[in-house]
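Trainee: Please find one structure pasted underneath; my questions will follow.
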Amino acid sequence: MRVAVVAHRASETNVSLAARAWNGRPVELVSPREALLTLRPGDIALARLDVREDLAGAEEGLTILERLADAGVQVLNPPPALLRAHDKLLTARTLRRAGLPHPRTSIVERHAKLPDLDFPAVLKPRFGSWGRDVYLCRNRVELERKVGQLALRPWFRSGGAIAQELIPPLGHDLRVIVARGEVVGAAVRTAPPGEWRTNAALGATVSPTTPAPVAVSLAKAAASASGLDLVGIDLLPTGPGAFCVLELNGAVDFRPLYASPGRDVYADALSALAGSMEAVALDSAAADAG
Ligand SMILES: Nc1ncnc2c1ncn2[C@@H]1O[C@H](COP(=O)(O)OP(=O)(O)O)[C@@H](O)[C@H]1O
Ligand SMILES: [Mg+2]
């Protein structure tokens, strides 16, 4: 049996996952095309397709993942779940249906009437990442101006933008890494002075933390609603001991400092995934025998 991380990028997270073992087996880092050529029924593909660099949708390869699954490869982070994370409109629907706290969200499309919103509001790409093109609009005039400025961006033309209620920024958020229902890591991301967005790509400081039980249960509930096997849940603090779920990250980046004390977060993520898959295999073997 082969195990592969399927991705286009040799990011720190992808390379680190591929450097760990899956139940003693080596893990490869392959592109979707390589996966299609080399993986066989019973092999395992951990899908780590991200959003495109230009934010105009998900990276290519979702159809290849479907074909792998049809061919009997066990695809973790299956395409519908990846889309639920990458498409912020689907994320909002998913979290609302699961009854989880999430800022009120609407879609802004070209040539369509702007939705009714409360201000201040956040305007951002529907398939965004790295905090790119995420703007604060204090009122409707600012929103209209920003929409006018962004209307020709490839991402605006293809997917539209998301307008979202602003959760009053406290300068930090909490990212929790969940692998098959288990929290394997977490970190606090603190925005630099003068910045309200908490993305590491925008200079946030990332520091280790042990999440409070309320954050752990919210992250687990969001992970379960997402259908993703390995996911990063971003929680925005809304007051003492209270959070809302801001994002589901389907190709989440995390560093060694996300680990629980004395642990290796990449190894723990793979063991959580491998352990629960073995439990599923044992259950179905027991069912077959009975
Ligand atoms: N509705 C919101 N309320 C408060 N802060 C927000 C909101 N939306 C985004 N932010 C801030 O902007 C950052 C980037 O937004 P996010 O939706 O996570 O997009 P991206 O996919 O680019 O990371 C978040 O980490 C958060 O700090
Ligand atoms: Mg984010």
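The values are calculated or read from the model by the stated rules, or taken from the named source; none is laboratory data. The model shown is predicted, which means the values in this text are computed figures rather than measured ones. Using ideal geometry, Cβ is built from the backbone for each residue, glycine included, and neighbour counts are taken over all protein chains shown.
Trainee: Out of ALA92, ALA56, I need the residue that is aliphatic (A, V, I, L, M) and touching a helix residue (DSSP H, G or I) at 6+ places or on another chain (Cβ under 8 Å). Which one?
Mentor: ALA56
Trainee: Of all residues in region 215-274, count the ones that are polar (S, T, N, Q), away from ligand 1 (no atom under 15 Å from the Cβ) and at pLDDT 95 or above.
Mentor: So the answer is 3.
Trainee: From the residues in region 185-198 that are within 15 Å of ASN249 (Cα to Cα) and in a strand (DSSP E or B), which one is farthest from ligand 1 (Cβ to nearest atom)?
Mentor: Residue satisfying both the conditions and the ranking: GLY185.
Trainee: Suppose the filter is assigned to a loop (DSSP other than H, G, I, E, B), touching a Pro at 6+ places or on another chain (Cβ under 9 Å) and over 17 Å from LEU236 (Cβ atoms); does ASP116 pass it?
Mentor: No, not satisfied.
Trainee: Something else now. Among all residue pairs at least 6 apart or on different chains, which show Cβ distances below 8 Å where the first residue, located in region 15-40, is assigned by TED's automatic domain parsing to the domain that holds THR63 and the second is surrounded by fewer than 18 Cβ atoms within 10 Å (Cβ to Cβ) and among the hydroxyl-bearing types (Ser, Thr, Tyr)?
Mentor: Listed by first residue and then by second, the contacts come to VAL30/THR38.
Trainee: Identify all residues within region 124-148 that are part of a loop (DSSP other than H, G, I, E, B) and within 11 Å of ligand 1 (Cβ to nearest atom); write none if there are none.
Mentor: ARG126, PHE127, GLY128, SER129, TRP130, GLY131, ARG132, ASP133, VAL134
Trainee: Sticking with this structure for a sec: Could you say which residue among ALA56, ALA45 is in a strand (DSSP E or B), of a type in the set (A, V, I, L, M, F, W, C) and in contact (Cβ under 8 Å) with a residue 40 or more places away in the chain?
Mentor: After applying the criteria, what remains is ALA45.
Trainee: Do you know which residues across region 106-120 are within 11 Å of ALA161 (Cβ to Cβ) and either basic (Lys, Arg) or crowded, with 19+ Cβ neighbours inside 10 Å (or both)?
Mentor: Listed by number, the residues that qualify are VAL108, ARG110.
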